[in-house]
Amino acid sequence: MTPSETPALADGEDDAPRPALAMPPMLTGRRGLVLGVANPRSLAWAAVEALSAAGARVGFTYLDARAARRALPLAERVAAPFAAPCDVRDDDSLRAALDGAAAALGGLDFLVHSVAFAEQADLAAPLHACSREGFRLALDVSAYSLLRAVHFALPHLSADASVVTLTYLGARVAVPLYGLMGPAKAALEAEVRYLARELGPRGVRVNAVSAGPVKTLAAAGLPGFRERLREAAARTPLGRGVTHEEVAAAVCFLCSPLSGGVTATTLHVDAGEHAVSP
Ligand code: NAD
């Protein structure tokens, strides 16, 4: 199964545009690329919309020709200056996307990484039974891709650029049914800290947003996701879950000069779930 064939929300489900975000103009004049738009429910798409609403010029990538059918029409909604396929397993594809975006935008002030994948069979199995190849693939797509994306972006990043990735609580605690994605996200969060240390001297900041569960294509592929969504909402300090827009607003903040002193951090946008015991 390829990533764009993950058991999905039904075609067209939830594709209607959400109400436009009223964002303060914190990103006027800034330019950047968002990796990982699959459809209008993608957190990557929520980020593109929010970043655009905050004044940025934003390009985005989608996986492949199959994904283009739902992702590409979205480009018109925000007059995206760049939209192209990118498979993070392929260096040439990733490099071409970053070079292409930088050329179209005249440089990059931010890079948002919103990409993850694991095979269904490896997600459904107990973690100790995960296949070697399944582990390699999940870590490659979900964690190594951040390193590679930053590596290829580096020549194009401005002096005060910001890199943001998307993670989940399962990186830090053993969440039921998150399985293989837990170690993948743990690696991703460690990368954030090491990249922040490496790139800090250049002025580049690197952070993660740890989102509470929201309904997306990738999330729908996780065993027991719908139950998890319900349970998580019931036990957060806010007594509810979070929205795509709330996650995207945090991405905007981390991409903006308002977070100039913030790096090497995982910012939880989960209605407080990370801080309380069930
Ligand atoms: P999504 O399915 O909309 O996005 C995942 C994206 O990864 C898709 O666009 C998919 O095409 C892409 N992808 C998979 N394999 C790829 C590859 N080889 N090359 C390039 N792209 C590839 O789902 P989402 O929930 O918006 O996921 C975005 C990020 O948010 C992921 O890192 C996910 O782990 C994270 N996250 C999601 C939730 C949630 O509840 N939805 C919570 C916390 C974190």
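The values are calculated or read from the model by the stated rules, or taken from the named source; none is laboratory data. Because the structure is a prediction, the values reported are computed rather than measured. No Cβ is skipped: glycine too gets one built from the backbone with ideal geometry, and neighbour counts run over all protein chains shown.
Among the residues examined, A186 does not qualify as assigned to a helix (DSSP H, G or I), within 20 Å of A124 (Cα to Cα) and within 12 Å of the ligand (Cβ to nearest atom).
Suppose we filter the stretch 76-100 for residues that are more than 14 Å from the ligand (Cβ to nearest atom) and either on the phi < 0 side of the Ramachandran plot or touching a residue at least 60 places away in the same chain (Cβ under 8 Å) (or both); how many remain?
Taking the stretch 76-100 and keeping what is more than 14 Å from the ligand (Cβ to nearest atom), we get 76-82, 99-100.
After this cut, where a residue has to be either on the phi < 0 side of the Ramachandran plot or touching a residue at least 60 places away in the same chain (Cβ under 8 Å) (or both) as well, the list is 76-78, 80-82, 99-100.
Final tally of qualifying residues: 8.
Flag: H151 matches the condition of being within 19 Å of the chain's Cα centre (by Cα) and closer than 30 Å to D99 by Cα.
With respect to being at pLDDT 95 or above, touching a Phe, Trp or Tyr at 6+ places or on another chain (Cβ under 7 Å) and small (G, A, S), A47 falls outside the description.
Pairs linking a residue in the stretch 125-153 that is touching a residue at least 60 places away in the same chain (Cβ under 8 Å) and under 16 Å from D87 (Cβ atoms) to a residue that is aromatic (F, W, Y) and within 14 Å of the ligand (Cβ to nearest atom), with Cβ atoms under 8 Å and 6 or more positions apart or on different chains, are V141/F117.
I'd like to verify a number: residues in the stretch 189-208 that are farther than 30 Å from P223 by Cα and either without any contact (Cβ under 8 Å) to a residue 60 or more places away in the chain or not in a helix (DSSP H, G or I) (or both), how many? Steps first, please.
Step one: filter the stretch 189-208 for residues farther than 30 Å from P223 by Cα, giving 194-206.
Filter again for either without any contact (Cβ under 8 Å) to a residue 60 or more places away in the chain or not in a helix (DSSP H, G or I) (or both), leaving 194-195, 198-199, 201-206.
Qualifying residue count for the region: 10.
Here is the figure for the stretch 15-34: residues that are modelled with pLDDT of 90 or more and either aromatic (F, W, Y) or within 16 Å of the ligand (Cβ to nearest atom) (or both) total 2. Within the stretch 208-231, the residues that satisfy the criterion of being farther than 19 Å from A38 by Cα and surrounded by fewer than 22 Cβ atoms within 10 Å (Cβ to Cβ) are P223, G224, R226, E227, R228, L229, R230, E231.
Filtering the stretch 232-244 to residues that are within 13 Å of the ligand (Cβ to nearest atom) and either without any contact (Cβ under 8 Å) to a residue 60 or more places away in the chain or surrounded by fewer than 17 Cβ atoms within 10 Å (Cβ to Cβ) (or both) leaves A232, A233, G241, V242, T243. Quick check on the stretch 35-46. Is at least one of its residues more than 27 Å from V269 (Cβ to Cβ) and either within 16 Å of the ligand (Cβ to nearest atom) or touching an Asp or Glu at 6+ places or on another chain (Cβ under 7 Å) (or both)? Checked the stretch 35-46: no residue is more than 27 Å from V269 (Cβ to Cβ) and either within 16 Å of the ligand (Cβ to nearest atom) or touching an Asp or Glu at 6+ places or on another chain (Cβ under 7 Å) (or both). For the stretch 49-66, indicate whether the set of residues that are surrounded by fewer than 17 Cβ atoms within 10 Å (Cβ to Cβ), within 15 Å of the ligand (Cβ to nearest atom) and not charged (D, E, K, R) is non-empty. Yes, the stretch 49-66 contains at least one residue that is surrounded by fewer than 17 Cβ atoms within 10 Å (Cβ to Cβ), within 15 Å of the ligand (Cβ to nearest atom) and not charged (D, E, K, R).
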